[in-house]
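Step one of this worksheet: look at the structure below.
The values are calculated or read from the model by the stated rules, or taken from the named source; none is laboratory data. Computed from a predicted structure; not experimentally measured. So basically every Cβ, Gly included, is an ideal-geometry build from the backbone, and we count neighbours across all protein chains shown. Accessible surface areas use protein heavy atoms only, side chains included; no ligands, DNA or RNA. Shrake-Rupley method; radii C 1.70, N 1.55, O 1.52, S 1.80 Å.
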Amino acid sequence: MSLSKVPKVYATALLELAIDANSVEATEDELTQIVETFSSDESIRHYFLSPVVNPIDKEKAAYKALSGRASEIVANFVSLVVRKNRYLFLPDIVEAFCAGVDQLKNRSSLRIISKDPLSSEQKEKIIGSLTANFKREFRVHESLDSRLLGGFRLFVDDYLIDASIRYKLDGMEEALLQKKIPVGAMYEN
């Protein structure tokens, strides 16, 4: 099996289990929180990626850490991922799982990148406009990019909507470079 297919295979299997158990949203929330927790602590990452630690001990540690805090499906799934030595793929598996849930719910992922945080009114206006155009709900992820001069960029599925000042300046530069100025033309002020 190709390594690039690993997250999709695991995510599809988990999605089928979650649908059967009627716990798609809960599974999605739990997995997202677990990956955030596991990613934020470097010692957890080192433990599960260490070739020195026995794989059975890793599996037991994962199950013990999650039992009582997560559903049985999620605890068993993360334990399985650890046992199969696929811990490194866990963030990609969760991303593929969320994409499957989005497809199931007719929802898209919307990533908003701006220089400064947008107000809730601005976000609502953007989401309302996109909902009317795309006819679906959105899962919103917001991030900041200090390289932008102003404005924002929106990523929806395979679309990029660039409303940044940098994009507009680049467009003006291109338009000015396209204009030919006759040789010998003189301009007076």
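Which number in (1) outside any helix (DSSP H, G or I); (2) over 25 Å from SER4 (Cβ atoms); (3) open to solvent by 90 Å² or more (accessible area, probe 1.4 Å) marks the one condition that GLU121 misses? Just one mismatch for GLU121, condition (1). Only one of the numbered conditions (1) closer than 30 Å to ILE19 by Cβ; (2) out of contact with any helix residue (DSSP H, G or I) (no Cβ under 9 Å at 6 or more places or on another chain); (3) in contact (Cβ under 8 Å) with a residue 24 or more places away in the chain; (4) of a type outside the set (A, V, I, L, M, F, W, C) is violated by ASN85, and that is (2). Considering only region 18-39, I want to know if a residue exists there that is free of Cβ contacts under 8 Å to residues at least 40 places away in the same chain, outside any helix (DSSP H, G or I) and over 24 Å from the mean Cα position of the chain (by Cα). Within region 18-39, none of the residues are free of Cβ contacts under 8 Å to residues at least 40 places away in the same chain, outside any helix (DSSP H, G or I) and over 24 Å from the mean Cα position of the chain (by Cα). Applying the set (1) part of a helix (DSSP H, G or I); (2) open to solvent by less than 40 Å² (accessible area, probe 1.4 Å) to ILE113 leaves exactly one unmet item: (1). When TYR159 is tested against (1) without any contact (Cβ under 8 Å) to a residue 24 or more places away in the chain; (2) open to solvent by less than 90 Å² (accessible area, probe 1.4 Å); (3) of a type outside the set (D, E, K, R), just one condition goes unmet, and that condition is (2). In the set (1) in a loop (DSSP other than H, G, I, E, B); (2) open to solvent by less than 90 Å² (accessible area, probe 1.4 Å), the condition left unmet by PRO51 is number (2).
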